[in-house]
1. Name every residue in segment 63-81 that is in contact with a Gly (Cβ under 7 Å, 6 or more places away or on another chain) and either modelled with pLDDT under 85 or part of a loop (DSSP other than H, G, I, E, B) (or both), in order of residue number.
2. How many residues, within segment 13-46, are more than 11 Å from the chain's Cα centre (by Cα) and modelled with pLDDT under 60?
Amino acid sequence: MSQSLRRSLQRPLRLSPITAYIGRKNPRILLGGTHQPTLLRYLDGWPRKGGKASAFLLQFVDTTQSLAAYRNDEFDLAVIHAPDPASAASVIHDLTRIARQGLITLG
């Protein structure tokens, strides 16, 4: 693995601004990883539509599961925790396809 790729995998990668517009009243959110409380912390401060409270529709997925089965733009946000380097390319591809916003975290 190249030095620059290794460095880039050590920082969180945001595929679009986390504060972008939410299109649905109750946003659908996919959280992928094994430690659910940590994943939920990434939602802290995520914007609310019109400043009003809304219920998040959360779906948890294990990072070993493929994201290929999900439809295009099925989620408003997806947070994926630490994909292994061997599958990072396919995870990023599926993440940009299934979610309007995405965040890959390493930590």
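1. Correct list: Thr63, His81.
2. So the count comes out to 5.
The values are calculated or read from the model by the stated rules, or taken from the named source; none is laboratory data. Here the structure is a predicted model, which is why all the values come from computation and not from measurement. Counting neighbours? That spans all protein chains shown, and the Cβs are built from the backbone with ideal geometry, glycine included.
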